[in-house]
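A quick write-up on the structure given underneath.
The values are calculated or read from the model by the stated rules, or taken from the named source; none is laboratory data. Note that the structure is predicted; figures quoted are calculated from it, not measured. Every residue, glycine as well, gets a Cβ built from its backbone with ideal geometry; the counts of neighbours run over all protein chains shown. Just the protein is used for accessible areas: all its heavy atoms, side chains included, with ligands, DNA and RNA removed. Shrake-Rupley method; radii C 1.70, N 1.55, O 1.52, S 1.80 Å.
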Amino acid sequence: MEDNTLFKISYKIKEIRKEKGITIQEVADKAGVSKGLISQIENNRTIPSLLVLINIINALDVDLNEFFKDFNSDLDAGPIVVRKKDSYTAFEKEHAIGFHYKRIFTSAMDSSTMDIVLLELQPDAQRPMVETEAYEYKYIISGEVEYVFQDQTIRLEEGDSIFFNGRLSHTPRNVGKEKAFMLIVYFFENKR
């Protein structure tokens, strides 16, 4: 799957589940997977195998052709891709109050998928520690942010950056009085 198709799948699973009023647990039970896996898939923290994806779509009681009917790719645009700020796609992740994500660009490469995201972090933003099946690069555009890991906390200011394995439990915290803005690049390894 190319371009941002994997992220469109995650978004569509969440959208259909919410529209139908189905809980994450109900989807997990019907698909024969864990609740945590469904949450990770919906929040772009992991990529499902084809079999798991089919089981989830079936658990949502949606025809496969219907599920994929609106999918298209930006790959035909050529070797240069421009994204204007009004075309960034807003999305949300689990239990994240005061986190405002916007997807800038996603592209599949030979052995990985790159997802570029802009995060606006409110001063009172909070969420539990999370893990992501990706390597993560964060660049602080403005504000003051602490990155909290299990065994350490790292303070970052405008112009600072951090790169780490997202499988380490982590969460950012805005420690300033103003909004903080971060450019985030996720590098997901494609499992073959």
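The table for this structure:
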quantity: Tally of residues being at pLDDT below 80 and surrounded by fewer than 16 Cβ atoms within 10 Å (Cβ to Cβ) across region 90-106; calculated: 4
quantity: Qualifying residue in region 146-165 (condition: without any contact (Cβ under 8 Å) to a residue 12 or more places away in the chain, of a type outside the set (Phe, Trp, Tyr) and within 24 Å of Glu15 (Cβ to Cβ)); calculated: no
quantity: Flag for Ile80 being modelled with pLDDT of 80 or more, assigned to a loop (DSSP other than H, G, I, E, B), open to solvent by 30 Å² or more (accessible area, probe 1.4 Å) and out of contact with any Lys or Arg (no Cβ under 6 Å at 6 or more places or on another chain); calculated: no
quantity: Residues satisfying the stated conditions in region 175-192, i.e. more than 19 Å from the chain's Cα centre (by Cα) and open to solvent by less than 60 Å² (accessible area, probe 1.4 Å); calculated: Val175, Gly176
quantity: Residues satisfying the stated conditions in region 30-47, i.e. outside any helix (DSSP H, G or I) and free of Cβ contacts under 8 Å to residues at least 12 places away in the same chain; calculated: Ser34
quantity: Any hit, region 37-60, residues being at pLDDT below 90, closer than 27 Å to Met114 by Cβ, open to solvent by less than 70 Å² (accessible area, probe 1.4 Å) and acidic (Asp, Glu); calculated: yes
quantity: Tally, over region 145-174, of residues that are open to solvent by 70 Å² or more (accessible area, probe 1.4 Å) and either of a type in the set (Lys, Arg) or under 22 Å from the mean Cα position of the chain (by Cα) (or both); calculated: 6
quantity: Residue selected from region 117-144 under the condition of a type in the set (Ser, Thr, Tyr) and open to solvent by 10 Å² or more (accessible area, probe 1.4 Å), by the criterion modelled with the highest pLDDT; calculated: Ser142
quantity: Near pairs, Cβ below 7 angstrom, 6+ apart or cross-chain, from region 121-141 (more than 10 Å from Ala180 (Cα to Cα)) to any residue that is open to solvent by 70 Å² or more (accessible area, probe 1.4 Å) and outside any strand (DSSP E or B); calculated: Arg127/His95; Pro128/His95; Glu131/Arg167; Glu133/Arg167
